[in-house]
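*Asks:* Let me begin by handing over the structure; questions about it come next.
The values are calculated or read from the model by the stated rules, or taken from the named source; none is laboratory data. All values reported here derive from a predicted model rather than from experimental measurement. Cβ: placed from backbone, ideal geometry, glycine included. Neighbour counts: every protein chain shown.
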Amino acid sequence: MNHQTILALRLERQHFTAPVSDGEYDALFRDLSPVLCEYWSRPGDPPRLFQRALDEDFPYNDHRRSRRSILKGRFHHGIAYVERADLQLYGCLYRKESPLPPEAFQILELLEQEGPHTSNQIREITGLGKQVAVALQKLQEAFLVFEDQVDCDWDRAFYSFSAEFPDVDFSAHTRQEALIAALPRFFRRIVCATAEDVKSWFNRPAKEVKVALDTLVAQGSLAAVEDGYVRTEDLPLLAESRTPPDGIFALHRNDFLVKTWEHRLKGQYPHETHQVLYYLLIDGAIGGAVLGRFSNKVNELELAVLDNPVHASRMAEVRSALAQVTKAPPLF
């Protein structure tokens, strides 16, 4: 298995080397779902696939969610978006069935009987105060309530989930079946991944991940290789010799690749006063990070840390990569 070929194919499949547009964007969005919003972005901003899209995707996804083509929910790592057609699949995978507090049932009854209300309206009607936010989160996690984020406004409406999506059947898939169905999409874009990578992205227990991977290997969809798992149909491509193109990309902390490799990156760039703002994807692999301080005004990009000293000559590329994802000026 050629590691450089894996890197080259991953850059291609993630569309860093050839950003997508039109229908190709929608296919990429589905495969990288549930799509998280940018880390430390304004609450209410739409999801984006930074540096992978040929056209500006902020207005595109803002429009799509206004039409409910993509929907907001609480999935693997919290708030994220999926396409309407995938709501049932990811709902089956991530719906929580833990006990609900009494105030949650009070809110659910209100929404079922009177229709949608904002959180402020719910507080005024029920008098529950701060308990409303906690109850709404638990109701969202249980997929009993739907938060309709149609624009960037903070004052959005909450609906009874079953009233808005009566066709969604949470008995259609077990959690294990849903994970098995979602995994081929993941591998199409990640190319090669370990069981720990799968666990990190899907945020599912190791036992569930192992069963799902073993099932797909037994079915012939996946193949176990030295570096982890790959799609069986990719084996001929991975036998070829390819070199990833030179290039540096800045990845925010909720990026698909960062969340997949979160277990590897945890604690990798410690600093006494600064934290990681962006990871640097250098020639197809994480090779550094930009440290600084998050701010509600303009983030402070203090320094770049590079794994390989030879990359110190590529600081102009690092600054160019940052310019693609943030308006904050690098202070280095």
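Each row is one residue, and each column tells you yes or no for (1) touching a residue at least 40 places away in the same chain (Cβ under 8 Å); (2) over 17 Å from the mean Cα position of the chain (by Cα); (3) in a loop (DSSP other than H, G, I, E, B).
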| residue | (1), (2), (3) |
| --- | --- |
| Ala250 | yes, no, no |
| Gly267 | no, yes, yes |
| Glu272 | no, yes, yes |
| Tyr278 | yes, no, no |
| Val298 | no, yes, yes |
| Ala304 | no, yes, no |
| Ala316 | no, yes, no |
| Phe332 | no, yes, yes |
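*Asks:* Go through segment 237-248 and give me each residue that's over 17 Å from Leu306 (Cα atoms) and assigned to a loop (DSSP other than H, G, I, E, B). Talk me through it step by step, then tell me what you get.
*Replies:* Keep residues of segment 237-248 that are over 17 Å from Leu306 (Cα atoms), which gives 237-245.
Scanning segment 237-248 gives Ala239, Glu240, Ser241, Arg242, Thr243, Pro244, Pro245.
*Asks:* Tally the residues that are in a loop (DSSP other than H, G, I, E, B) and of a type in the set (A, V, I, L, M, F, W, C), restricting the search to segment 163-192. Give the derivation first.
*Replies:* Taking segment 163-192 first, the residues in a loop (DSSP other than H, G, I, E, B) are 165-174, 191.
With of a type in the set (A, V, I, L, M, F, W, C) added as a condition, the list becomes 165, 168, 170, 172, 191.
Residues that pass the stated criteria total 5.
*Asks:* Another question, then. Going through segment 39-50 one residue at a time, which ones are touching a helix residue (DSSP H, G or I) at 6+ places or on another chain (Cβ under 8 Å) and surrounded by fewer than 19 Cβ atoms within 10 Å (Cβ to Cβ)? Quick ask: steps written out before the conclusion?
*Replies:* To start, the set of residues in segment 39-50 that are touching a helix residue (DSSP H, G or I) at 6+ places or on another chain (Cβ under 8 Å) comprises 45-49.
Residue satisfying the conditions is Asp45 alone.
*Asks:* Within segment 99-158, which residues are polar (S, T, N, Q) and under 23 Å from the mean Cα position of the chain (by Cα)?
*Replies:* If we filter segment 99-158 for residues that are polar (S, T, N, Q), which is where we start, we get 106, 113, 118-121, 126, 131, 137, 140, 149.
Correct list: Gln137, Gln140, Gln149.
Yes/no per residue for (1) of a type in the set (Asp, Glu); (2) over 28 Å from Val82 (Cβ atoms):
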site: Ala250; (1), (2): no, no
site: Leu257; (1), (2): no, no
site: Thr260; (1), (2): no, no
site: His263; (1), (2): no, no
site: Val298; (1), (2): no, yes
site: Glu302; (1), (2): yes, yes
site: Met315; (1), (2): no, yes
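*Asks:* What is the residue count in segment 201-236 for residues that are in a helix (DSSP H, G or I), among the hydrophobic types (A, V, I, L, M, F, W, C) and surrounded by 17 or more Cβ atoms within 10 Å (Cβ to Cβ)? Don't jump to the end; show me each part of the working.
*Replies:* Initial filter on segment 201-236 (in a helix (DSSP H, G or I)): 201-202, 206-219, 232-236.
Pick out the ones that are also among the hydrophobic types (A, V, I, L, M, F, W, C) and you get 201-202, 206, 209, 211-213, 216-218, 235.
Now drop any that are not surrounded by 17 or more Cβ atoms within 10 Å (Cβ to Cβ), which leaves 201-202, 209, 212-213, 216.
Matching residues across segment 201-236 total 6.
*Asks:* Same structure again: Suppose the filter is in a loop (DSSP other than H, G, I, E, B) and either on the phi < 0 side of the Ramachandran plot or among the β-branched types (Val, Ile, Thr) (or both); does Phe29 pass it?
*Replies:* Numbers: in a loop (DSSP other than H, G, I, E, B): no; either on the phi < 0 side of the Ramachandran plot or among the β-branched types (Val, Ile, Thr) (or both): yes.
Criteria not met by Phe29.
*Asks:* Which is within 26 Å of His76 (Cα to Cα) and of a type in the set (Lys, Arg), of Arg319, Arg264? First the steps, then the outcome.
*Replies:* Values: Arg319 fails: within 26 Å of His76 (Cα to Cα).
Arg264 is the lone residue from the list that is within 26 Å of His76 (Cα to Cα) and of a type in the set (Lys, Arg).
*Asks:* Going by the conditions given, is Val258 more than 19 Å from Arg13 (Cβ to Cβ), hydrophobic (A, V, I, L, M, F, W, C) and modelled with pLDDT of 95 or more?
*Replies:* Numbers: more than 19 Å from Arg13 (Cβ to Cβ): no; hydrophobic (A, V, I, L, M, F, W, C): yes; modelled with pLDDT of 95 or more: yes.
So Val258 fails the test.
*Asks:* A further question on this structure: Given (1) basic (Lys, Arg); (2) surrounded by fewer than 21 Cβ atoms within 10 Å (Cβ to Cβ); (3) under 30 Å from Lys199 (Cβ atoms), identify the lone condition not met by Lys72.
*Replies:* For Lys72, the exception is condition (2).
*Asks:* Go through segment 41-69 and count every residue that is more than 21 Å from Leu280 (Cα to Cα) and either modelled with pLDDT of 95 or more or in the same structural domain as Leu277 (by TED's automatic domain parsing) (or both).
*Replies:* Residues of segment 41-69 that are more than 21 Å from Leu280 (Cα to Cα), as a first pass: 42-46, 55-69.
Now drop any that are not either modelled with pLDDT of 95 or more or in the same structural domain as Leu277 (by TED's automatic domain parsing) (or both), which leaves 45-46, 57-69.
Summing the residues that are more than 21 Å from Leu280 (Cα to Cα) and either modelled with pLDDT of 95 or more or in the same structural domain as Leu277 (by TED's automatic domain parsing) (or both) in segment 41-69 gives 15.
*Asks:* If you don't mind, another one. With (1) more than 20 Å from Glu83 (Cα to Cα); (2) touching a helix residue (DSSP H, G or I) at 6+ places or on another chain (Cβ under 9 Å) as the list, and Tyr60 as the residue in question, which single condition is left unmet?
*Replies:* Condition (1) is where Tyr60 drops out.
*Asks:* Report yes if Asn308 is surrounded by fewer than 21 Cβ atoms within 10 Å (Cβ to Cβ) and within 27 Å of Ser33 (Cβ to Cβ), otherwise no. Steps first, answer last, please.
*Replies:* Numbers: surrounded by fewer than 21 Cβ atoms within 10 Å (Cβ to Cβ): yes; within 27 Å of Ser33 (Cβ to Cβ): no.
Answer is no for this residue.
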